[in-house]
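One structure is given below, encoded as structure tokens.
Quick note: the coordinates plus some simple rules give every number you see, no bench work behind them. On a predicted model such as this, the values are computed, not experimentally measured, just so you know. Backbone-built Cβ (ideal geometry, glycine too); neighbour counts: all protein chains shown.
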Amino acid sequence: MQFKVPQFLEIEDKIFGPFTFKEFVYLAGGGGMCFVLYQLLGIYLGVIPILAIAGFSLALTFYRPNNKPFINMVEAGFKYALQDKLYIWKRHKQKTLLSPSEYKEGLRKSGESLESNRSKARLGGSKLRDLAWSLDILDLKK
């Protein structure tokens, strides 16, 4: 005996013209709230809240980011805002800065002079050119 397997389970039925029941409720609810605000506040005081509610209602009805309903994003945003957050950080040892006299004394103990250490730190023109050339050669994206 063969059974019919339901197809297209993800597609909701269109009940009110081109809208599903949820979409119709979003539009009707947004329209109703806009009408109530218009009656209570008038057009001049109520224009900003009316536009905000109308925009949110239209987004709930028509906007589908990543082909998913917008209400999923709103729900995820509320969950993120209300849940406890765990902040983890690592303590780094603070580098101590040496005064020039301490630095010179450390160099004397190690047997190096201040001038030779400064010359090691600077890149000459040829060293800089060699470094730039090696970086150009090793660039894998080209």
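Give me the number: length gained by fully extending Leu41 to Lys127, i.e. 0.36 nm times residue separation minus the C-alpha to C-alpha distance, one decimal in nm.
Numbers: separation 86, 0.36 × 86 = 30.96 nm, distance 7.35 nm.
Result: 23.6 nm gained on full extension.
Given H placed on each backbone N at 1.01 Å, which residues far from Tyr63 in sequence or on other chains put an amide H within less than 5 Å of it?
none
Got the relative contact order for segment 21-80 handy, in percent, Cα pairs under 8 Å and 6 or more residues apart?
Reported relative contact order: 34 percent.
Suppose R0 equals 41 Å. What FRET efficiency, 1/(1 + (r/R0)^6) with r the Cβ-Cβ distance, do Gln2 and Met33 give to the nearest 0.05? Please report the intermediate quantities before stating the final value.
Numbers: r = 50 Å, r/R0 = 1.22.
Result of the calculation: an efficiency of 0.25.
First check a/c for segment 21-80, with a ≥ b ≥ c the square roots of the eigenvalues of its C-alpha gyration tensor; if it is under 1.5, answer rounded, and if not, answer prolate when a/b is larger than b/c or oblate otherwise.
Here segment 21-80 falls in the prolate category.
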